[in-house]
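Heads up: the structure comes next, in structure tokens.
Values in this text are rule-based calculations from the coordinates and carry no lab data. Values in this document were obtained by computation on a predicted structure and should not be read as measured data. Note that each Cβ is placed from the backbone with ideal geometry, even for glycine, and that neighbours are counted across all protein chains shown.
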Amino acid sequence: MDYNATTPLEPEVIKTISEALQDAWGNPSSNYIAGVKAKALINQSRENVARMVGGKAEDIIFASGGTELYYTLQRWFISNKPSFRPITWCSTPAVEHFRRSCRAAEEGEGQQNGSDSLPHIITSNVEHDSVKLVAEQLQKDGKADVTFVSVSKVTARVEVEDVIAAVRPNTCLVSVMLANNETGVIMPVQEICQRIKSLNKQRERLRILLHTDAAQALGKIRVDATELGVDYLTIVGHKFYAPRIGALYVNGPGTGTPLYPMLFGGGQERNFRPGTENTPMIAGLGKAAELVTSNLSDYESHMRSTKLHLEERLKAGGYCPTVRGCWPALAPLATQTVETGKNEVFPPLYAFIPHYTTPLHCTLSPTRPSHILLSCGIPSKVAANALRLSVGRGTTKADVDAVVEDLREAVKRLEEMD
């Protein structure tokens with residue numbers, strides 16, 4: 001029950017990948033039959049992914065995954081010369097956009113006009129490490145100024161007014177995730193985009209670009225990049241039963257929205273992400289996207305009912321003495337979700353177990369508390385003993401019952417050891 005970390009491949013996705021491995025082995029850049037077949041499969045997958053996020057096929061660029069995508073979106077922002085240090089695809093166009101705007105201002109006015117000012121990036125303090133660590137490194141290296149807007153200790157959401165208050169004349173990028181991977185909270189991305197776009201109308205040259213990490217939202221709630229109003233949207237396949245490959249939605253790549261290549265090579269993906277395409281994995285991503293578009297309401301209904309069953313079983317077993325919205329400082333075993341009403345996407349439930357430390361997903365050190373839980377106001381000692389439980393499409397009530405029993409046995413053993 002760790003589906004927020006990753007998901008298994010759907011049987012239909014496995015079948016699509018297998019068929020592509022066997023039949024679409026040709027180089028998609030070739031004009032003979034095997035290559036043409038591979039290219040057609042990639043084009044269909046691009047259409048499927050675009051449909052899933054409410055975009056156009058030409059807005060989708062395939063890459064290895066979410067970390068590369070945000071990495072690449074920052075590389076070109078940082079230097080006037082090509083640098084092969086992987087610093088995010090989303091920040092990169094923004095920083096380069098900033099530099100070009102400064103140069104245009106200098107040329108137009110015939111003098112220095114803020115060219116020494118660093119590009120400024122705004123993000124939240126509960127972003128995934130693929131965003132958080134990149135922003136911190138940019139700041140450490142003196143390549144950009146970064147504002148980490150704190151989330152509310154009550155709702156765990158970033159407040160729109162706090163984001164707007166952080167805007168500066170040199171702000172070039174706002175990056176706020178759509179749904180948090182540890183609290184399930186949906187961030188007010190659409191409202192942030194609306195406000196930033198209003199500000200952009202008042203800015204003479206430097207447009208603020210907007211990025212959202214939609215990894216945890218896709219396959220759980222409806223995601224429409226056009227309605228959200230973002231310039232960039234990160235798509236991570238292994239979070240919605242696709243293979244470990246990703247894609248970036250860009251609203252008019254290179255035309256309506258700046259985008260620059262991370263690498264240089266054979267010209268694939270319209271030169272934005274060169275390298276011979278991984279046709280089977282792209283095909284699998286396209287099939288998974290097609291399944292999301294066709295079955296989202298069923299997925300959503302099942303996961304919601306399963307999550308509620310888990311919460312009820314834990315409460316019935318006496319393991320959840322606290323109410324929602326109140327993090328327990330002391331409890332033998334307690335579960336918690338952040339109280340946000342409709343603003344949550346099947347939040348994971350946390351088991352807080354005294355005297356026992358277990359690493360969260362993606363945590364390198366078993367004793368390091370999650371920065372996200374700490375940012376939401378969870379005491380360090382409690383956060384260090386947190387076990388995240390998250391449900392998936394295939395999680396049954398029998399699975400939930402088994403997990404609750406396992407937790408009961410675990411707590412009993414720990415109490416005996418104390």
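Past the 25 Å Cα-Cα mark, which pairs from LYS15/LYS239; LYS220/LYS412; LYS37/LYS239; LYS56/LYS197; LYS39/LYS197? Cα-Cα > 25 Å for LYS220/LYS412; LYS37/LYS239; LYS39/LYS197; rest within.
Using a Förster distance of 25 angstrom, determine the FRET efficiency expected from the C-beta separation of ASP23 and LYS56, and round it to 0.05. Intermediate results must be reported in sequence, preceding the final value.
Details: r = 27 Å, r/R0 = 1.09.
The pair ASP23/LYS56 has a calculated efficiency of 0.35.
Taking a point 7 Å out from the Cα of GLU227 in the direction of its Cβ, the residues of the stretch 165-208 whose backbone N falls within less than 12 Å of it are 190. Directionally averaged projected area (the stretch 1-41, Cα convex hull): 3.8 nm². Between ILE14 and GLN194, the modelled label-to-label distance comes to 4.5 nm, taking each label 7 Å out from Cα in the direction of the beta carbon. Here the peptides 54-62, 407-415 are ranked by packing, the mean other Cβ count within 10 Å, and the order with the highest first is 54-62, 407-415. In this simple spin-label model, placing a label point 7 Å from the Cα along the Cα-to-Cβ direction at both ALA5 and GLU416 gives a separation of 2.6 nm. The packing ranking of peptides 11-22, 204-215, 372-383, highest mean first, is 204-215, 372-383, 11-22, where packing means the average number of other beta carbon atoms within 10 angstrom of each residue.
Taking 0.36 nm per residue of separation and subtracting the Cα-Cα distance, full extension of the segment from SER64 to ALA34 would add 8.5 nm.
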